[in-house]
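Worksheet: one structure, shown below.
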Number of protein chains: 2
Amino acid sequence: MIAKIPPPYYAVIFTSVRTDNDQGYAQTAGHMMTLAADQPGYIDFESVREGEMGISISYWKDLDSIKNWKNMADHLTAQKLGREKWYKSYTTRIAKVEREYSFERT
Amino acid sequence: MIAKIPPPYYAVIFTSVRTDNDQGYAQTAGHMMTLAADQPGYIDFESVREGEMGISISYWKDLDSIKNWKNMADHLTAQKLGREKWYKSYTTRIAKVEREYSFERT
């Protein structure tokens, strides 16, 4: 799906390897998705998991929106729980989307 | 996993919805991964699929490397087959990775 605004905009690419500890994960992940969607500058969110590997991408209007989201109290708590319980490893990349094109079967 | 060179570098974010036509898909996907890894400017590749939804990201040194890869003959053929057979829809985004940080459980 094409984003709701044309480039340039920003992507936060979160690639992760999960532990086998699921305690509280689904509830927190759901809460974070809802909370993110309510933030100023939020555009969209896509997430795919295959076994322990996951890629989640949130799209944002600008870097300030990303910074605000990163530092929200509930989100900071979730990040801490992620490091303590849910993730073996992860990488977060902040990237500026410069171009996009889409195909849709007709 | 952290990329093998520090930012800035480029990401090609490919989000897709598959058809149920698997004919030739795995073979072509494998060939494309091998071929991409041989191209100048290639850094890394990550791909996750969950049901019909997929996110694949390739990382590149610069825009020229991406342009060359996009226009390689075998890759153009694969893209055409993708539109004809394997994908209901997809979006490709070209994004400049400006920052990254990683966590690894110790």
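The values are calculated or read from the model by the stated rules, or taken from the named source; none is laboratory data. Note that the structure is a prediction, hence the values are computed from the model and not measured. Ideal geometry is used to build each Cβ from the backbone, glycine not excepted, and the neighbour counts take in all protein chains shown.
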(Q) Out of everything in region A:61-76 that is within 25 Å of B:TYR59 (Cβ to Cβ) and away from chain B (no Cβ under 12 Å), what residue ends up being surrounded by the most Cβ atoms within 10 Å (Cβ to Cβ)? (A) A:SER65
Q: Look at region B:15-43 and say how many of its residues are polar (S, T, N, Q) and within 12 Å of chain A (Cβ to nearest Cβ).
A: 4
Q: Go through the residues of region B:4-14 one by one and say whether even a single one is more than 14 Å from every other protein chain (Cβ to nearest Cβ) and modelled with pLDDT of 95 or more.
A: no
Q.
Looking at region A:32-43, can you tell me whether even one residue there is of a type in the set (Gly, Ala, Ser) and within 21 Å of B:PHE103 (Cα to Cα)?
A. no
Q | Failed criterion for A:ARG99 (all others in (1) more than 7 Å from chain B (Cβ to nearest Cβ); (2) surrounded by fewer than 17 Cβ atoms within 10 Å (Cβ to Cβ) hold) | A | (1)
Q) Looking at region B:76-106, which of the residues that are in a strand (DSSP E or B) and small (Gly, Ala, Ser) is nearest to the chain's Cα centre (by Cα)? A) B:ALA95
Q) Taking region B:1-18, which residues are of a type outside the set (D, E, K, R) and either crowded, with 16+ Cβ neighbours inside 10 Å or within 18 Å of B:VAL48 (Cβ to Cβ) (or both)? A) B:MET1, B:ILE2, B:ALA3, B:TYR9, B:TYR10, B:ALA11, B:VAL12, B:ILE13, B:PHE14, B:THR15, B:SER16, B:VAL17
Q: Within region B:38-53, track down each residue that is of a type in the set (A, V, I, L, M) and in contact (Cβ under 8 Å) with a residue 24 or more places away in the chain.
A: B:ILE43, B:MET53
Q: Give the number of residues within region A:77-91 that are surrounded by fewer than 18 Cβ atoms within 10 Å (Cβ to Cβ) and touching a strand residue (DSSP E or B) at 6+ places or on another chain (Cβ under 7 Å).
A: 3
